[in-house]
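Step one of this worksheet: look at the structure below.
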Amino acid sequence: KEERMEWWEEARFGMFIHWGIYSVPAGFYKGEAQTNSAEWIMNKGKIPIAEYEKFADQFNPAKFDANKFVALAKEAGMKYMVITAKHHDGFSMFDSKVNPYNVVDATPFKRDVLKELAEACKEQGLRFGFYYSQAQDWHHPGGMGNNWDEGIERVSSDEYVYEKALPEVEQLLTEYGPISIFWWDTPRKMTKKVVDSLYHITSALQPGIITNDRLGEDYPGDHKTFERKLPSEKPEDRYWEICQPISGSWGYRSDDDNFKSIETLIRNLIDASSKGGNYLLNVSPTHEGILRPEATTRLKAIGAWMDKNSES
Ligand code: JFZ
């Protein structure tokens, strides 16, 4: 047993947030519904970079209030929060020093939403961490995954990591206070050299940090990540976490009415917990910066259920 993992093991329940400029198209491009989860719209719609960038001009979530998100997570009984700092679309949801394609420099909103959440978490006593798409980046010429934008002069993925991913990760781990979690995603082939650098920088800058198993093949991280489906048996010998969207999509889709019932959510939390795992439940802020009422009522109901069952 590791001391570093103690709080995480006791936490059991966390809030995952997928938020980016994909909340502007919200699942629809040129009037057509795109399949898949809303944060994949650039890829599924084969939207050229120059076109997709226009969603940043329209990103102005005036109703966003970091304190309310943190208060809601706490009310639900959640002990930590993980938010998308940069998803596969390459847009940075913070005041990136190396990438002007970010929420402060490229949107009318001009506010560093990650800084606001980091501060609110600190104030209200919630652990805080980042999701970061280290390999896929559909905006940078060295990032992986964009095979539809033609006429782009490609550079190596090492160049992408040194220019963008590594300095961004460094900034996220130095300018946002204590960071409890770094949540990597979709490992793809990168040189061992750069993956090593990413690996070492997290623990060097935040010694207590906990990382998942999605950095690269040879990097097991601290915990195993299950996706959407709960494991049927108790996983042996590893810390583990199941992440799941509260509705159908990770990012906000305007037509996503597929909310899980309160009973299902509570059952899933109990199921994961009884098998020794954590439940990371995802919510999807809209282009206005708020949650759908269906999400809010569900989170409050889970909290009420917890209160009721912890009194006796
Ligand atoms: C990834 C992302 O592509 C997706 O947009 C979202 O952020 C999700 C949380 O993570 O999707 C995955 C990653 C891994 C698996 C499935 C979907 N997997 O291992 O089954």
**Request:** Give me the distance in nm between label points sitting 7 Å out from Cα along the Cα-to-Cβ direction at Asp105 and Glu32, one decimal.
**Result:** 3.4 nm
**Message:** Could you tell me which residue out of Tyr52, Ser232, Ala106 lies farthest along the dipole of the chain toward its positive end? Charges go on the beta carbon: Lys and Arg +1, Asp and Glu -1, centred on the Cα centre.
**Reply:** Ser232
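With a cut-off of 8 Å between alpha carbons and a minimum separation of six or more residues, what is the relative contact order of the stretch 239-312 in percent?
37 percent.
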**Asked** Given only helices, namely DSSP H runs of n ≥ 4 each adding -39500 (n - 2.57), what is the per-residue ellipticity at 222 nm of the chain, to the nearest 500 deg cm²/dmol?
**Response** -9000 deg cm²/dmol
**Peptide ranges 300-308, 235-243 listed from the most packed, as the mean C-beta count within 10 angstrom indicates** = 235-243, 300-308
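For Glu75 and Thr264 in the same chain, what is the full-extension length gain: residue separation times 0.36 nm, less their Cα-Cα distance, in nm?
Numbers: separation 189, 0.36 × 189 = 68.04 nm, distance 1.84 nm.
So the extension gain works out to 66.2 nm.
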**Simple label model, 7 Å out from Cα along Cβ direction - Lys275 to Lys63, nm** = 3.6 nm
**Request:** Output the pairs from Lys30/Lys97; Lys63/Lys97; Lys63/Lys260; Lys115/Lys234; Lys63/Lys275; Lys192/Lys224 with a Cα-Cα distance over 28 Å in this structure; if there are none, say none.
**Result:** Lys30/Lys97; Lys115/Lys234; Lys63/Lys275
**Prompt:** For a label point 7 angstrom out from the Cα of Asn309 toward its Cβ, which stretches of the stretch 1-38 have the backbone nitrogen within less than 15 Å?
**Reply:** 12-14
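Pop the C-beta distance of Tyr219 and Trp148 into the FRET formula with R0 = 30 Å and round what comes out to the nearest 0.05.
0.55
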**Prompt:** Under a plain spin-label model, where a point goes 7 Å from the Cα along Cα-to-Cβ, how far apart in nm are Met5 and Tyr162?
**Reply:** 3.6 nm
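Here, each number is a calculation from the coordinates, and none is a lab measurement. If you're wondering where the values come from, they're calculated on a predicted model, not measured in any experiment. Methodologically, a virtual Cβ is constructed for each residue, glycine included, from the backbone with ideal geometry; neighbour enumeration extends over all protein chains shown.
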